[in-house]
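The values are calculated or read from the model by the stated rules, or taken from the named source; none is laboratory data. Here the structure is a predicted model, which means the values were calculated and not measured. Reconstructed Cβ throughout: ideal geometry from the backbone, glycine too, with neighbour counts over all protein chains shown.
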Amino acid sequence: MSIGLVIAIVTMVSHRVLGVKPFARIMRGNTVSVGHDTIKETVMGAVTQALAQPQLSPEESNMCLGALFSSGFRLRDYDNYPNFFSENSSMTLAQTGTYQGIEDIKEYLQFGEEEPYGVVRQTVETPHVRYVVTSFNEQGRSCTALLLVHQRASTTDIGGAVTYENLVAFKLYIDLNIQKVTTANIWHGADFMRYSFDALFNNHFAKKFICTVLRENCSSVWSANVDKDYFTDHASCVAKLDALPTTDGVLHYVDGNSLGCRLLHAELARSNDHHCAHISFLPMEDPHGRIKCQESAGILPSILFASDELDLIKAFAQDRGFPDGASVRQNCSSTNLCPPDYTCDKGSANPTCKPVAEATTL
């Protein structure tokens, strides 16, 4: 079904996490409350716009968002995840895989977060958020909404100590009866995955971190790899990582036999030893019988998002001032501020770091 409908767009400005008190304003003049603490401390408003040929009524859009906000939905309010996710909920990112249940979803979303959760980012801010209601099923008592997020982050030494901005999209399937998200699909642009893992995290800090976690938090897995001659000590473990690709394929997957996959699971393994098997070079099952970081599942974003939804994400990127087709940007004044193999492209009013082959003006 086309999304050139009535689209509920909730636009807010926040400072660190997703959590303000929004209200929806119908363009015809009606004002309807749609929630509780959902996007941060400061209320900047929420707007419902009618676009193209309306097939979703404003009431349906507000009912969908109202159910979401009434649950107290806040992506970074990890302690309250049982309020808006259930053990049957799942979350999928094409490049990393599927996460089932509250704890798995929480673990993934905490990856790369600022301390105390993550080790790769120091701060995360959210300057702009937009909600887009894309479908409403009255008989099935369900709806879907896109959550479009423009965020800004600064990294630790593992990520090169830089500041960047990126876009991320969530497709939320909402059960109106229980007011919970049953399925969440995530979109990250291939350029962001390349920038994050191939550029920022492909360094000695990250590799030493992975091997240290493997040795100190996953001693039995470390010993199994030593016994099978995958490496003999910390230095040879780092050398083994040197030989791996950082990501896989043009979409830059990090669920296969790559450095990126092991960095993701090494961070998770610090607090959950079920991920220790995933860091192993020797294929090993985790306690759930799953083998990871050996072969990518190759999930396509087009399976998770309809073409119209991908167009909305692209339009959001353009609206937020990102270069055409880009979902990540790092402003620069000179190339020495950019990651390895990137250059400061000065071909626009706002120079940004780009891969050397894609830069228009060096």
All positions within the stretch 86-103 that are free of Cβ contacts under 8 Å to residues at least 40 places away in the same chain and either crowded, with 21+ Cβ neighbours inside 10 Å or among the aromatic types (Phe, Trp, Tyr) (or both): Tyr99
Given (1) surrounded by fewer than 19 Cβ atoms within 10 Å (Cβ to Cβ); (2) closer than 30 Å to Tyr131 by Cβ; (3) of a type in the set (Lys, Arg), number of the condition Lys346 does not satisfy: (2)
Out of Leu337, Leu312, I need the residue that is over 22 Å from Ser154 (Cα atoms) and in contact with a strand residue (DSSP E or B) (Cβ under 8 Å, 6 or more places away or on another chain). Which one? Leu312
Report the residue count in the stretch 161-217 for those that are under 17 Å from the mean Cα position of the chain (by Cα) and of a type outside the set (A, V, I, L, M). 20
Where in the stretch 155-256 are the helices (runs of 4 or more DSSP H), entirely inside, with at least 2 residues that are within 27 Å of Lys106 (Cβ to Cβ)? 190-193, 204-217, 219-227
Go through (1) in contact with a Ser or Thr (Cβ under 7 Å, 6 or more places away or on another chain); (2) of a type in the set (A, V, I, L, M, F, W, C); (3) surrounded by fewer than 19 Cβ atoms within 10 Å (Cβ to Cβ) for Val254 and report which single condition fails. (3)
When restricted to Gly289, Gly260, Gly347, Gly298, the only residue under 24 Å from Glu165 (Cα atoms), in a loop (DSSP other than H, G, I, E, B) and of a type outside the set (S, T, N, Q) is Gly347
Residue satisfying all of: in the stretch 66-85; among the charged types (D, E, K, R) and in contact (Cβ under 8 Å) with a residue 40 or more places away in the chain; nearest to Tyr173 (Cα to Cα) among these: Arg74
If I ask for residues that are over 28 Å from Tyr173 (Cβ atoms), loosely packed, with under 14 Cβ neighbours inside 10 Å and among the hydroxyl-bearing types (Ser, Thr, Tyr), which ones from the stretch 269-313 would you list? Ser271
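Quick test for you: out of Val149, Val124, Val221, Val132, pick the one residue that is among the β-branched types (Val, Ile, Thr) and not assigned by TED's automatic domain parsing to the domain that holds Tyr99. Talk me through it step by step, then tell me what you get.
Working: Val149 fails: not assigned by TED's automatic domain parsing to the domain that holds Tyr99; Val124 fails: not assigned by TED's automatic domain parsing to the domain that holds Tyr99; Val132 fails: not assigned by TED's automatic domain parsing to the domain that holds Tyr99.
Answer to the check: Val221.
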Report whether or not Val34 is under 19 Å from Ser142 (Cα atoms) and either modelled with pLDDT under 55 or not assigned by TED's automatic domain parsing to the domain that holds Val132 (or both). yes
Only one of (1) charged (D, E, K, R); (2) assigned to a loop (DSSP other than H, G, I, E, B); (3) touching a Gly at 6+ places or on another chain (Cβ under 7 Å) does not apply to Glu267, and that is (2)
